[in-house]
Amino acid sequence: MTDRELLDRLRGGDSEAFDAIFREHYAQLVGVADGMLGDRAAAEEIAQEVMLELWRRRESITLEVSLRAYLVRATRNRALNLLRHERIARRSQPHLAPERVAAPTADAELIEREIDAALRQAIRELPARCREVFELSRVHGLRYAEIARTLDISVKTVEAQMGKALRLLRERLAAWLPDGGDL
């Protein structure tokens, strides 16, 4: 059954369609959130929230992208919101309980900003096709086959471009990576 057929059935309140969508996408959504958060329990909670929101909004949902891309984006956004919330909570903790939590050092914050800037610059310097493939994979969470369809290229070309992108990023970010570190 296609995504469009599943969504049509979901809009009609078909719980079997929802179950099929859940089974198809839940594990990947947990993986996306876990990769961002490093917290399996929080990742599972976010994936469940995304699925619950899909059910709640089933009658009004319209997608301009694939169902998978929509769910991955929703998961990514919720994980980013959680990270922002945690960062704000950490920043306010010294004011709430200064004896329990030490504020991050200025050096650590500076290093984090430098690494982030170096990564953004290295991605901007990638050849156009490499950058496009890298961003579709790592930012938007698309699979190689989906990238191939989107860009109208072969999966082998996607693999080659991704390999080239990772190699170039490793070279440009070598000073920031631990010995033998992978991207």
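Along the charge dipole of the chain, Cβ charges K/R +1 and D/E -1, which of Ser154, Ala42, Gln121 sits furthest on the positive end?
Farthest along the dipole direction, towards plus: Gln121.
State the extension gain, in nm to one decimal, for the chain segment bounded by Ile61 and Ala174, taking 0.36 nm per residue of separation less the distance between their alpha-carbons.
Result for the pair: 36.3 nm of gain on full extension.
How large is the Kirkwood hydrodynamic radius of the chain, counting all unique pairs of alpha carbons, in Å?
Result for the chain, one decimal place: 19.0 Å.
If the elastic network links every pair of Cα atoms under 10 Å, which of Val155, Val32, Val65 fluctuates the most in the Gaussian network model of the chain?
Of Val155, Val32, Val65, the most mobile in the Gaussian network model is Val65.
Which distance in nm do the two modelled labels at Thr2 and Ile88 give, with both placed 7 Å along the Cα-to-Cβ direction?
In this crude label model, Thr2 to Ile88 measures out at 4.2 nm.
In percent, what relative contact order does the chain have, based on Cα pairs under 8 Å that are 6 or more apart in sequence?
16 percent
Between the alpha-carbon centers of the range 1-47 and the range 109-128, tell me the distance in whole angstrom.
32 Å
Calculate the dipole size of the chain relative to its Cα centre from +1 charges on Lys and Arg beta carbons and -1 charges on Asp and Glu beta carbons; express the result in debye to the nearest 20.
On the way: 30 positive and 31 negative charges, 84 e Å.
Charge dipole of the chain: 400 debye, to the nearest 20.
Given the Cα atoms of the range 38-94, and with Rh set as the inverse mean 1/r over their pairs in the Kirkwood sense, what is Rg to Rh to two decimals?
Ratio of gyration radius to Kirkwood radius: 1.08.
Where does the chain land at 222 nm, in deg cm²/dmol rounded to the nearest 500, when only DSSP H runs of n ≥ 4 count, each adding -39500 (n - 2.57), divided by all residues?
The per-residue figure over the chain is -24000 deg cm²/dmol.
If I stretch the segment between Val139 and Glu125 completely, what's the gain in nm (0.36 nm per residue apart, minus their alpha carbon distance), one decimal? Don't skip to the end; give the middle numbers.
Numbers: separation 14, 0.36 × 14 = 5.04 nm, distance 1.63 nm.
Full extension from Val139 to Glu125 adds 3.4 nm.
Tell me the net charge near Gly12. Cut-off is 9 Å between Cβ atoms, Gly12 excluded, with +1 for each Lys or Arg and -1 for each Asp or Glu.
Counting the neighbours of Gly12, the net charge comes to 0.
When the chain is treated as a GNM, springs tying every alpha-carbon pair under 10 Å, which of Leu63, Leu142, Leu71 comes out with the largest mean-square fluctuation?
Maximum among the listed residues: Leu63.
Report the charge-dipole magnitude of the range 104-183 in Debye, nearest 20, computed about the Cα centre from +1 at each Lys and Arg Cβ and -1 at each Asp and Glu Cβ.
Here the range 104-183 has a charge dipole of around 460 debye.
Let me know the charge dipole size of the range 1-103 about its Cα centre in debye, to the nearest 20, where only the beta-carbon of Lys, Arg (+1) and Asp, Glu (-1) is charged.
520 debye
Here, each number is a calculation from the coordinates, and none is a lab measurement. Note that this is a predicted model, so its numbers are computed, not measured. For neighbour counting, all protein chains shown are included, and Cβ atoms are generated from backbone atoms with ideal geometry for every residue, glycine included.
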